[in-house]
Every structure is written in structure tokens, then in C-alpha cells.
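Peer 1: First the structure, then my questions, so here it is.
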Amino acid sequence: MFSSFLIDAAYFVAAFLFLYGLKRMASPVTARSGIVVAGGGMVLAVAAAFLYGFDVSARAEPHLTTNLILLVIALALGIGWAWISGKRVAMTDMPQMVALYNGMGGGAAAAIAATELLSGNALAHGPVVTILAILGGLIGAVALSGSLIAWAKLDGRMNKAWRLSKHQYVNASLLGAALFVGAVVTVMAIVGAEETPVLLILVFFAVALALGVLLTTPIGGADMPVVISLYNAFTGLAVAFEGFVLQNPAMIIAGTVVGSAGTLLTLMMAKAMNRHVSNIIFSDFGGEDDGSDGEIQGTMKSCDASDAAISMFYANKVVIVPGYGLAVAQAQHKLYEFVKLLQKQGVEVSFAIHPVAGRMPGHMNVLLAEAGVPYDIIYDLEDINEEFAQADVAIVLGANDVVNPAARTRKSSPIYGMPILNVDQARQAYVVKRGQGKGYSGVENELFFLDNTSMVYGDAQKVMVQMIEAVKSLG
């Protein structure tokens, strides 16, 4: 038998590891060890949950052995799937995996809520616990279905925004219906009902899942990093609520940490786009420019990769803007090889990262870290934007919307008002791109038509190989 003191101590240590791990994740230098520390805390929390079942003071039930077998099977399946998929996932698919795993967290919280409500445990503990179970179930179900739609959009399985007529009224009706059912269940707890009708719970979760789907389908691709972060916050909040229902300290602390961190990140990213979170969720973003500001002037000019490379080789200052296309081509290693050749020549090289570059928060930072790019030459938008005017060359690899000057000048553009990287202010800009297509938001990029911009068409990895060869040929 295990004492309650040992279990509580395990939860306390797990909570400390969660917080300490999060602290270390704040810096790229210590982020890897922070993940390991937080993971150790989660292992300890799971172990404590098992010990709880053997604690006499916790009133272990006779069917514990059956539950233990199911728990072991579930853990084996979860660990096995996560380990294999985590090892196999490509960097370009990492946003999809994050969305999928986040949805699983929300789904787990919703499943706990459903179990507690159906068994009558939540009702037996009174209206407060019942309300927390309902809120956790609602938020978790929305996070589950919303994250799955986000995954489908990121994975290219849903390429267009999908809207109903009077879409926001439909969403409001679904939310109202879910809250009404939740209120009915709460009243049942107040009057002392012993269990909740199965049909009522099924209706509640069906409505919540539908709400998550319809909240996400109209959102355009350019907002997807913010959406992933928002649903991450939802999942944390749902887990925290269900932690109160189960009286599990580890769930409360972990959920609160994830929820607060996700909320702060969402607000920071929305601010970086100069938009409110409500505007992202409740407006239509990612459409075409309506053309009310006139046609874009100028023509696209192309040049060879070797000419662009030689231009950078003899420059004093070069700023590199990585984007999702770089990840798709898996060209980060070749890019850094090229950067080292420039640095050997005495060229000052910097990387400029937009807060919403890529398909998830921090996507470009992870990509460059994988290639071994030093952290001290990687700068965020607010730290490097003024440097573009002094740059001899700025090169864009696979980025689009985050360097589009239309965000400053064209009020008819869907991305108007979003802060961008000032690539257009460099003396010469090169854009490495496979073709003349538009960005993820579907907006034409004015940068491509400017006099000081040249397009280098081709796969980023092949282009980088050509640039490396051109520079090496100079001796």
C-alpha cells in the first residue's frame, strides 16, 4: 500500500518539473533539456495516478485490476504510436502533428467529462464540480474537432475556407444550445439527481464537436499558426477543469500552465499580425484582394541562382528570410552551408523571423536550429526590421505573406495592417520560389513586382546547391 503523503509528494515534484521545464523552454539553448525535464514530470504524474489506485485512503474499488489492465493497454498504444510517429514525421509535417496531438489532449479532457457526467460522479459532488465538468467537456470537444480541421487544412486535405450562410449565427446557436444543455445538467445536480440521461450527454457533445468544426472551417491559412496556439490554450484549460473534477493536482497544474502559455502566445501572435483574436475567429480572412486600390504595378523579373549568389558573395550585409517553402524543400542544411561560405568571405549575415512564419508558432526557429544555425544571428521582426534599409541584399526563401508590402499600403488587401518584414527596403531583394503562385492566404505579393526584386525560380534545395557551387567557383 502507498501512503497519501507519497502520492502528494510525487504530484508536488511533478508540478515543479513542469514549471522548471517550461522555464528552460524559454531559451533555444536550453529548450531541449526543458522538454526532457517536463516529460519526466509527466511520467512521474502518471505514476502517481497509478499509485492513487492502490492507496487504501483513496477507496480503491474492487474492479481496479480490470481498470489497470485497460490503463496499461492504453499507455502502451499511446506511447507506441507517439514514439513511431514522432520519429518518422518530417519537419514539414510537424505543424500537422502538433495540431493532431493537441486535438487528442482536448478529446481526452472531453472523454473524462463524459465519463464523470454519465457515471453520476460529477453530479454527486454538487453543482460546482458539475459546471467544471461541463465547461471542460465543451472546451475539450471544441479543441478536438477544431484541431482536426486545422490538421486537415495544414495537410492540404481542406484547401479552401468553407462557410455557411449566416455562419456566425449558426455558431452562436450551437454555443447557446450547448450552454442550455449544460445548464439543464447543472440543475439536475442541484436537485440531487443521481445520473445524467445518456441522450442529453450525446446531444451536448455532438453540438460541441459541431461548434469546433464550424469555428475553424472559415479561417484562412494565414491565420493557422494563431489557431493552433488558440486550440492549445483551449486544451490546457479543459484539462485544468477536469483536473478539478478528478481532484488531480498534476492535471490542474499542467492544464493551467499549458492554458496560460497558449493564451499568452496566441495574444502575442495576434498582436504581431495587428489583429484581435476575435477578428481571426469571427471574420473571413484569406480571400482575394478586391482590387479597389488598383492593379499592382510592375513586372516580375527573374535571374539565375548563380548571379544571386555572386551578388551576395560581394555584399557587406545580407539578411535571410526563411519561410515554409524552405521547410518543404528541406533546404535548411544547404542554406547554412551557403551562409558559412558568405561568413568566411566576411559578409555579415542575419536571419529575420516573422512571428507567424511557417505553419505553427516557432516553426522557422526549429527549422534553423535543426540545421545548426547559431542563435545569435537569428532575429525577430522587431529586432531586425530597421536593418533591411542598410542591407545590400535580402533573400527570401519560401516566405510570402510575411514580406508583402501590400500589408502597409493596400487597404483592399485581406492582410492590410499586418506587420511585415521590410524586405522591400533592401538595396536588392531575391525571392526563391518554385513558381509565380500566391501565398497561403491567397494574396498577390507586391514585393515580386518591385524594381529592386528579382525572382529565382526553383526548388529551394536545388537553388542552394547552385548558389554554393557558384560561390565555390570564385575560389
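One line per residue, one yes/no per condition, for (1) touching a Phe, Trp or Tyr at 6+ places or on another chain (Cβ under 6 Å); (2) not small (G, A, S):
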position	(1), (2)
L132	yes, yes
L138	no, yes
S147	yes, no
W151	no, yes
L164	no, yes
V170	no, yes
L174	no, yes
A177	no, no
V184	no, yes
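Peer 1: For L367, indicate whether it is in the same structural domain as D424 (by the TED database), modelled with pLDDT under 90 and either open to solvent by 10 Å² or more (accessible area, probe 1.4 Å) or of a type in the set (A, V, I, L, M, F, W, C) (or both).
Peer 2: Details: in the same structural domain as D424 (by the TED database): yes; modelled with pLDDT under 90: yes; either open to solvent by 10 Å² or more (accessible area, probe 1.4 Å) or of a type in the set (A, V, I, L, M, F, W, C) (or both): yes.
Considered against the rule, which asks whether it is in the same structural domain as D424 (by the TED database), modelled with pLDDT under 90 and either open to solvent by 10 Å² or more (accessible area, probe 1.4 Å) or of a type in the set (A, V, I, L, M, F, W, C) (or both), L367 comes out as yes.
Peer 1: Do any residues in the stretch 371-388 that are touching a residue at least 60 places away in the same chain (Cβ under 8 Å) have Cβ atoms under 8 Å from those of residues that are part of a helix (DSSP H, G or I) and open to solvent by 70 Å² or more (accessible area, probe 1.4 Å), where the two are at least six apart or on different chains, and which pairs are they?
Peer 2: F388/Q425
Okay, residues lined up against (1) crowded, with 20+ Cβ neighbours inside 10 Å; (2) more than 21 Å from W162 (Cα to Cα); (3) under 26 Å from the mean Cα position of the chain (by Cα):
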site	(1), (2), (3)
A178	yes, yes, no
A189	yes, yes, no
P197	no, yes, no
F204	yes, yes, no
A208	yes, no, yes
V213	no, no, yes
T217	no, no, yes
I228	yes, no, yes
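Peer 1: Out of G103, G140, I need the residue that is open to solvent by less than 20 Å² (accessible area, probe 1.4 Å), closer than 16 Å to F244 by Cα and among the small types (G, A, S). Which one? Spell out how you get there, then give the answer.
Peer 2: Numbers: G103 fails: closer than 16 Å to F244 by Cα.
Criteria check complete, one pass: G140.
Peer 1: While we're here: Yes or no: V339 over 21 Å from the mean Cα position of the chain (by Cα), open to solvent by less than 30 Å² (accessible area, probe 1.4 Å), aliphatic (A, V, I, L, M) and more than 23 Å from V98 (Cβ to Cβ)? First the steps, then the outcome.
Peer 2: Numbers: over 21 Å from the mean Cα position of the chain (by Cα): yes; open to solvent by less than 30 Å² (accessible area, probe 1.4 Å): yes; aliphatic (A, V, I, L, M): yes; more than 23 Å from V98 (Cβ to Cβ): yes.
Yes; evaluated as a whole, the condition is true for this residue.
Peer 1: Another question, if that's okay. Quick one: is P355 within 22 Å of P95 (Cβ to Cβ), in contact (Cβ under 8 Å) with a residue 60 or more places away in the chain and touching a strand residue (DSSP E or B) at 6+ places or on another chain (Cβ under 8 Å)?
Peer 2: Numbers: within 22 Å of P95 (Cβ to Cβ): yes; in contact (Cβ under 8 Å) with a residue 60 or more places away in the chain: yes; touching a strand residue (DSSP E or B) at 6+ places or on another chain (Cβ under 8 Å): yes.
So P355 passes the test.
Peer 1: Need the failing condition index for T130 against (1) under 30 Å from D223 (Cβ atoms); (2) surrounded by 23 or more Cβ atoms within 10 Å (Cβ to Cβ), just the number.
Peer 2: All conditions are met except number (1).
Residues checked against (1) on the phi > 0 side of the Ramachandran plot; (2) among the basic types (K, R); (3) modelled with pLDDT of 85 or more:
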residue	(1), (2), (3)
I384	no, no, yes
A389	no, no, yes
V393	no, no, yes
I415	no, no, no
Y440	no, no, no
K462	no, yes, yes
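Peer 1: So how many residues does the stretch 149-172 have that are open to solvent by 30 Å² or more (accessible area, probe 1.4 Å) and in contact (Cβ under 8 Å) with a residue 60 or more places away in the chain?
Peer 2: Within the stretch 149-172, the first condition is being open to solvent by 30 Å² or more (accessible area, probe 1.4 Å), and the residues that meet it are 151, 155-166, 168-170, 172.
Among the residues that remain, those that are also in contact (Cβ under 8 Å) with a residue 60 or more places away in the chain are: 155, 161, 163, 168.
Qualifying residue count, the stretch 149-172: 4.
Peer 1: Residue check, A369 against (1) part of a helix (DSSP H, G or I); (2) more than 23 Å from the chain's Cα centre (by Cα), all met but one. Which one?
Peer 2: With respect to (1) part of a helix (DSSP H, G or I); (2) more than 23 Å from the chain's Cα centre (by Cα), A369 is out only on (2).
Peer 1: Right, next: If the requirement is being closer than 29 Å to G39 by Cβ and modelled with pLDDT of 90 or more, which of these qualifies: G212, G176, G182? Please lay out each step first, then the result.
Peer 2: Values: G176 fails: closer than 29 Å to G39 by Cβ; G182 fails: closer than 29 Å to G39 by Cβ.
The unique qualifying residue is G212.
Peer 1: For the stretch 222-230, indicate whether the set of residues that are modelled with pLDDT of 90 or more, of a type in the set (S, T, N, Q) and in a helix (DSSP H, G or I) is non-empty.
Peer 2: Within the stretch 222-230, none of the residues are modelled with pLDDT of 90 or more, of a type in the set (S, T, N, Q) and in a helix (DSSP H, G or I).
Peer 1: Using the structure shown, decide if L450 is open to solvent by 20 Å² or more (accessible area, probe 1.4 Å) and touching a strand residue (DSSP E or B) at 6+ places or on another chain (Cβ under 8 Å). Before you say what the answer is, go through the steps one by one.
Peer 2: Details: open to solvent by 20 Å² or more (accessible area, probe 1.4 Å): yes; touching a strand residue (DSSP E or B) at 6+ places or on another chain (Cβ under 8 Å): yes.
Yes.
The values are calculated or read from the model by the stated rules, or taken from the named source; none is laboratory data. What you are looking at is a predicted structure, and each value in this text was computed from that prediction instead of being measured. As a convention, Cβ positions derive from the backbone with ideal geometry for all residues, glycine included, and neighbour counts pool all protein chains shown. The accessibility values were calculated without ligands, DNA or RNA, using every heavy atom of the protein model including side chains. Shrake-Rupley method; radii C 1.70, N 1.55, O 1.52, S 1.80 Å.
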